[in-house]
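**Student:** What follows is a structure written as structure tokens; I'll ask about it next.
The values are calculated or read from the model by the stated rules, or taken from the named source; none is laboratory data. Since the structure is predicted, the reported quantities are computational estimates derived from the model, not experimental observations. Glycine also receives a Cβ, built like all others from the backbone with ideal geometry; neighbour counts cover every protein chain displayed. All accessible areas refer to the heavy atoms of the entire protein, side chains included, with ligands and DNA or RNA removed. Shrake-Rupley method; radii C 1.70, N 1.55, O 1.52, S 1.80 Å.
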Amino acid sequence: MSKLDWKVLFPYELVEPNWRFYSFIAILAVGFWALMAFPVAQFAGYIDPFYSPTVLIVPLPGAFRLTCYAYRKDYHRHLFKHPLGCANPDRGDSAKRRYTGERSAVFQLENLHRYFLYAGIAILPFFYYDFFHSLVYSGPFILRIGSLVLLANALLLTAWTLSCHAFRHVIGGNVDCYSCVAAGGVRKQVYDRQSWLNAHHEALAWVSLLAIIFTDLYIRAIAAGIPMDFTLLRF
Ligand code: FES
């Protein structure tokens, strides 16, 4: 039997080998397949994060995520291979592809990220509502593993959203002198805390993406009858 040539099946050489890029593609593919193959908006009191608050508004938070700096860095460097990096003397320019700063259409679209941020913030309360709903949906208070999954998802989404670079600017990036503005001390404290979170933004972007997909798959798994949603507390 002839040996399978993986390079024919998947042209690795077209993109720079990078485990994060391949993981990203794999996660997206699996998540999309699961979403499309078995639509489960709600099961046993759990509301699927892809349908919360409604699947109709998914494009806005989707645009928020797609234009996130963490992913931009990866798809520009490893998928488009241009520009390779701001500080990189070789940006991957060619006669056909010149770096024109932030003036190209792609960059201008990506710069809408600062506005998509508000959509990202606006949907956060819904994820906490979903957690609360899973606790009381049947009347008595009941805490199951799935509720903890929903809570972890909500917390990670919150951490990722609030660590956004655009949010950092909203909080204090536009201020030169904190002591000169009203509530300057409080604002500086919030800015410093957010700066700490911001330093972990890239990791939060990936972990929160995994959390959404995991939550979605968890709900699908119990809807499919896999016995894993144990009750921890009931009263
Ligand atoms: Fe990643 Fe704003 S930069 S969410």
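**Student:** Could you check how many residues of segment 101-113 are touching a helix residue (DSSP H, G or I) at 6+ places or on another chain (Cβ under 8 Å) and either surrounded by fewer than 16 Cβ atoms within 10 Å (Cβ to Cβ) or among the small types (Gly, Ala, Ser) (or both)?
**Tutor:** Step one: list which residues in segment 101-113 are touching a helix residue (DSSP H, G or I) at 6+ places or on another chain (Cβ under 8 Å), which gives 101-102, 110, 112-113.
Now drop any that are not either surrounded by fewer than 16 Cβ atoms within 10 Å (Cβ to Cβ) or among the small types (Gly, Ala, Ser) (or both), which leaves 101-102, 112.
Total satisfying the criteria: 3.
**Student:** Can you name the residue in segment 115-128 that is within 17 Å of residue 48 (Cα to Cα) and of a type in the set (A, V, I, L, M) and, of all such residues, is surrounded by the fewest Cβ atoms within 10 Å (Cβ to Cβ)?
**Tutor:** 124
**Student:** Filter segment 27-51 down to residues that are in a loop (DSSP other than H, G, I, E, B) and at pLDDT below 80 and give me whichever is most open to solvent (accessible area, probe 1.4 Å).
**Tutor:** Keep residues of segment 27-51 that are in a loop (DSSP other than H, G, I, E, B), which gives 38-41, 44-45, 48.
From what's left, at pLDDT below 80: 38-41.
On the way: 38: 116, 39: 92, 40: 24, 41: 48 Å².
Here the residue is 38.
**Student:** Same structure, new question: Would you confirm, using the coordinates I've provided, whether residue 91 is of a type outside the set (Ser, Thr, Tyr), touching a Gly at 6+ places or on another chain (Cβ under 9 Å), surrounded by 14 or more Cβ atoms within 10 Å (Cβ to Cβ) and not in a helix (DSSP H, G or I)? Write out each step before concluding.
**Tutor:** On the way: of a type outside the set (Ser, Thr, Tyr): yes; touching a Gly at 6+ places or on another chain (Cβ under 9 Å): yes; surrounded by 14 or more Cβ atoms within 10 Å (Cβ to Cβ): yes; not in a helix (DSSP H, G or I): yes.
Here the answer is yes, as residue 91 does meet what is asked.
**Student:** So, of the residues in segment 52-70 that are open to solvent by less than 20 Å² (accessible area, probe 1.4 Å) and modelled with pLDDT of 85 or more, which turns out to be nearest to the ligand (Cβ to nearest atom)?
**Tutor:** Taking the candidates together, the pick is 68.
**Student:** Which condition from (1) in contact (Cβ under 8 Å) with a residue 24 or more places away in the chain; (2) more than 16 Å from the ligand (Cβ to nearest atom); (3) among the charged types (D, E, K, R) is the one that residue 114 breaks?
**Tutor:** Going through the list (1) in contact (Cβ under 8 Å) with a residue 24 or more places away in the chain; (2) more than 16 Å from the ligand (Cβ to nearest atom); (3) among the charged types (D, E, K, R), residue 114 breaks only (2).
**Student:** Which residues, taken from segment 71-88, are open to solvent by less than 60 Å² (accessible area, probe 1.4 Å) and in contact (Cβ under 8 Å) with a residue 60 or more places away in the chain? Steps first, please.
**Tutor:** Pass one, segment 71-88, residues open to solvent by less than 60 Å² (accessible area, probe 1.4 Å): 71-72, 74-76, 78, 82-85, 88.
Those that are open to solvent by less than 60 Å² (accessible area, probe 1.4 Å) and in contact (Cβ under 8 Å) with a residue 60 or more places away in the chain: 71, 78.
**Student:** Okay, next question. I need every pair where a residue in segment 160-172 that is open to solvent by less than 60 Å² (accessible area, probe 1.4 Å) has its Cβ under 6 Å from the Cβ of a residue that is part of a helix (DSSP H, G or I) and of a type in the set (Phe, Trp, Tyr), sequence separation at least 6 or different chains.
**Tutor:** 171/191; 172/191
**Student:** Test of understanding: among 155, 210, which residue is within 16 Å of the ligand (Cβ to nearest atom), open to solvent by 70 Å² or more (accessible area, probe 1.4 Å) and without any contact (Cβ under 8 Å) to a residue 12 or more places away in the chain? Show your work before the answer.
**Tutor:** Details: 210 fails: without any contact (Cβ under 8 Å) to a residue 12 or more places away in the chain.
Within the list 155, 210, the selection yields 155.
**Student:** Hey, another quick one. Within segment 129-136, is there a residue that is open to solvent by 50 Å² or more (accessible area, probe 1.4 Å) and charged (D, E, K, R)?
**Tutor:** The answer is no, given that none of the residues of segment 129-136 is open to solvent by 50 Å² or more (accessible area, probe 1.4 Å) and charged (D, E, K, R).
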